[in-house]
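The values are calculated or read from the model by the stated rules, or taken from the named source; none is laboratory data. The model shown is predicted, which means the values in this text are computed figures rather than measured ones. Please note: Cβ atoms are built from the backbone with ideal geometry, for glycine as well, and neighbour counts cover all protein chains shown. The protein model used for the area step is the full one, side chains on, heavy atoms only, and it has no ligands, DNA or RNA in it. Shrake-Rupley method; radii C 1.70, N 1.55, O 1.52, S 1.80 Å.
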Amino acid sequence: MRIGLLTEGGYPYATGEARLWCDRLVRGLPQHEFELYALSRSAEQERARIPLPEHVTHVRTAPLWAPADDGRTYSRRERRRFADCFKELVHGICAGAPDPFAAGLYGLAGLAREQGGLYAALRSESAVRALEAACRAPGASRTVQAAHVADLLEFVDELERMLRPLSLDWYEEDARGEGLGAVDVCHAAAGGVAALPGLLAKRFFGVPLLVTEYGVQLRAHYLSHLGAGQGEEPRPAVRALLAAFHLRLASEIYARADFLTPGNAHARRWQERCGATRDRLRTVYPGMEADRFATVGESAERGDPDTLVWVGRAEPAKDLIALLHAFAEVRRAEPRARLRIFATAADPGYLADCRSLAAQLFPDEAADSVTVGENPVAFEEIGGPDAPSVAEAYGAGRVVVLSSVIEGFPLTLAEAMLCGRATVSTDVGAVREVIGGTGLVVPPRNPRALAEACLSLLGDAERAERLGAAARARALELFTVEQNVAAFQEIYLRLLARGSGRPDGGGIPFARPPEARVPGHWTSPTWAKPAPDPTSEAAV
């Protein structure tokens, strides 16, 4: 089977879990051919491509960061056609109308497919005027109606970047048999812009589309632009237009995809509210390499009985401030308690604030007048002598704490479970689903509840060990690479057996059998060389 894997800012370039799960999936299914279609976010990212297995037949990359002006200018007829399609698109965005949005999107895609890129047209004065008219039309929100010229120009610039997949040459099957129109299944590794090429391959060639979301892109956009992000935020009108575009795009993707695999029930609820039907949904948990945590998870050593451990990225969404205040209450009840914070990455300003607060709440302590003082809160990095690996960081204490106020699928929680540790977590995102009764869950932004839960486990070694063993058993059942790969193998076969909307298949199951195409690259096949003339000197 040929799988077209679609990514944005991830595999095969970016590091982190967004790249790892794709790599584990590809390496776990060597019986299939994978063709990678990646939307990259920076030149530096493209220089860091990871090694790929042999059954990845080719990689095609389109930069979303580079200028895309191909010098293409349209005739008067083409400009009129563009104007009609673009008016429908922006009307759908501003008025929240799904049908005009879809008609405009596919109309622009058809124009780009026939005539070339949309760069100049999308940045033209006529596009800005059409957007302005849509913003002022009845049905638009007050925020959108108040958009100024600077807001319109900023949004058109961002819209051109997000619609750049419409102008790519990825779709038509070329002389080597490559192209999204020739694959058996398009698998988008995320929603949003990453799934747009798959949406077009389905529209124009009938290729089945599978969309996987471990973090819902629409939710991520809301968090980044509606107050939870870092850096300079867009103005209100631009923010509202971007939110409306992402909502309409997500709804179209959820409505047209053949199958959707959310990574947890939290993501599934988002998809259902945006129009996905339950018969096309199946939760597939991310796969983790359980072997990395086996030594700690199977060890009889349960870690320091007086130590709490926190692992993750030090940023405001993780609410380390609340954790430090909770630990102050823990220390009042249990003076021997220690807190070890392992920051895998950090917002430097936020981490500095946390260190300063820890120094204020917990002055250095010394056993006597000649001993060097020591703070009960330690900020550490993984890779040092005390914690050379992530697994040993989790294993440093009896209880692992998650204090987040915003969370999708809590990977650090699943890792702690694989290490056999009891956990105390805030009730956000998919935390309760992941824990499943094997840990304590408290309300977010409630240091007192967090402290009481930590004290209950620090004071009851038998209960902590029992919860840790149950957590490891649950994680081995649900969150391994093996279950993840097996689920996608089954889904690929189901999509292929169901038949597609291809003109040559007519919806017949297995209408394009695997033997219809010889796999692999034939760079210098001997059978393609003409046979020598037996009468020539070379044949003698």
Quick one: which residues, 5+ away or cross-chain, put their amide H under 5 Å from the amide H of H58? H built at 1.01 Å from N.
L36
Positive-end residue, region 101-146 charge dipole about Cα centroid, Cβ charges, pick of G116, A146, A102
A146
Can you give the longest stretch of the chain with no exposed loop site, where a site means trypsin sites (Lys or Arg not before Pro) in a DSSP loop (not H, G, I, E or B) with at most 11 other C-beta atoms within 10 Å?
337-540
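Work through the residues other than T438 whose Cβ is under 13 Å from its Cβ and net out their charges, Lys, Arg +1 and Asp, Glu -1. It would help to have the intermediate numbers written out before the result.
Numbers: positive: R421, R432, R463, R466, R472, R474; negative: E433, E465, E477.
Within the 13 Å Cβ shell, the charges total +3.
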nm² value of the averaged projected area, convex hull over the Cα atoms of region 305-414
7.4 nm²
Between region 281-334 and region 335-364, what is the separation of their alpha carbon centroids in Å?
15 Å
What do the square roots of 5 times the Cα gyration tensor eigenvalues come to for the chain, in whole Å, largest first, as semi-axes of the equivalent ellipsoid?
47, 32, 21
So which helices of the chain fit the span-like rule, where a helix is a whole DSSP H run, its Cα atoms reach 15 Å or more along the axis, and its mean Kyte-Doolittle is at least -1.0?
17-28, 76-95, 98-115, 125-136, 149-162, 236-256, 320-333, 348-361, 447-458, 461-478, 481-498
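Using the Cα atoms of region 444-494 to build a convex hull, what is its mean projected area in square nanometres?
Details: hull surface 21.9 nm².
Average of the hull's projected areas for region 444-494 equals 5.5 nm².
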Longest segment of the chain with no GluC sites (Glu not before Pro) in a DSSP loop having at most 16 other Cβ atoms within 10 Å?
382-540
Restricting to Cα pairs below 8 Å that are 6+ residues apart, what does the relative contact order work out to for the chain? Please round to a whole percent.
12 percent
Pull up all non-local amide H partners of S389: gap of 5 or more, or a different chain, and H-to-H distance under 5 Å with H placed in the peptide plane.
G383
Give me the percent relative contact order of region 140-279, please, defined on Cα pairs under 8 angstrom at least 6 residues apart.
25 percent
Please compute the net charge surrounding G198, taking Lys and Arg as +1 and Asp and Glu as -1 over other residues with Cβ under 11 Å from its Cβ.
+2
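Take every Cα-Cα pair in region 241-352 and report what % of them are more than 24 Å apart. Intermediate results must be reported in sequence, preceding the final value.
Working: 3586 of 6216 pairs.
Above the 24 Å cut-off, region 241-352 has 58 percent of its Cα pairs.
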Can you work out the accessible area per residue across region 211-310, with the rest of the protein chains kept in place, probe 1.4 Å, in square angstrom?
42 Å²
Carbon and sulfur: what percent of the chain's accessible surface (1.4 Å probe)?
51 percent
Please give the solvent-accessible surface of W170 in Å², to the nearest 10, using a probe radius of 1.4 Å with every protein chain present.
10 Å²
